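The values are calculated or read from the model by the stated rules, or taken from the named source; none is laboratory data. Treat the numbers as computed from the prediction; the structure is a model and nothing was measured. Heads up, the Cβs are rebuilt from the backbone with ideal geometry, glycines too, and the neighbour counts pull from every protein chain shown. Only protein heavy atoms, including side chains, enter the accessible area calculation; ligands, DNA and RNA are left aside. Shrake-Rupley method; radii C 1.70, N 1.55, O 1.52, S 1.80 Å.
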Amino acid sequence: MSAVAASGEIDWTETDEARHNRRAKAALLAEAAREFDLGADDLAVGTGNRLRVRRHAGIDAASEKTWAEAALILADDPPRPTAPAARPCWHCGARDGVRAYLNGPCCPRHTPAALAGHHEPTPDPSTTLAALRERAAIAAAAHQAPTTTTVVDERAVTSSKRRSAHHVHQAMKAAALARGRTTRGRR
């Protein structure tokens, strides 16, 4: 592959030295990505991982070609497990139905409640993850963005510290006086 383009100018990104430097940078980026347990797909634009990996590798800047080469290096790695292996119950070593508790992973027979001779507590239905997500969706749907006629700072408009139309300023002053408030405090 020649570093001279068809127009006769030298393409400095395709010289032997540039290729060597790109490979060296890509190897550093791939090593830093492995330390964060990232794969080739995790280095794509928009994943938010590039800056963290680049800083960890101690590199000031990296071209798109360098990131593509780092992704190729990571693509040769063995596939990463999709989920961590289940930890066994620390009482009996069982692996079925194990959940994390403060005292360690426990199977249903060795949960703190079971060891104390109590039934497992049932969560309040309104505090489950599904209920919290539903409430957040309802709140997001009910939220209305402020319009341009919304007055954000009533006191600033009333005291003429914020520009507004004359009729808006007069209406705010009248409303403040009707409520028994002035611009300097309460009466």
Checklist line | Val45 accessible area, 1.4 Å probe, all protein chains in place, Å² to nearest 10 | finding: 110 Å²
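So how do 89-95, 25-31, 122-128, 67-73 stack up, highest first, on mean other-Cβ count within 10 Å? Display every interim value, and only then the final one.
Numbers: 89-95: 14.0, 25-31: 20.3, 122-128: 8.6, 67-73: 18.3.
Packing order, densest peptide first, comes out as 25-31, 67-73, 89-95, 122-128.
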Next item on the list: Determine one quarter of the surface area of the Cα convex hull of the range 82-144, which equals its mean projected area, and express it in nm² to one decimal.
Entry: 6.7 nm²
Item checked: Over the range 36-129, relative contact order from alpha-carbon pairs under 8 Å, at least 6 apart, % -> 16 percent
Check: Points 7 angstrom from Cα along the Cβ direction at Thr127 and Ala27: gap in nanometres?
Finding: 5.5 nm
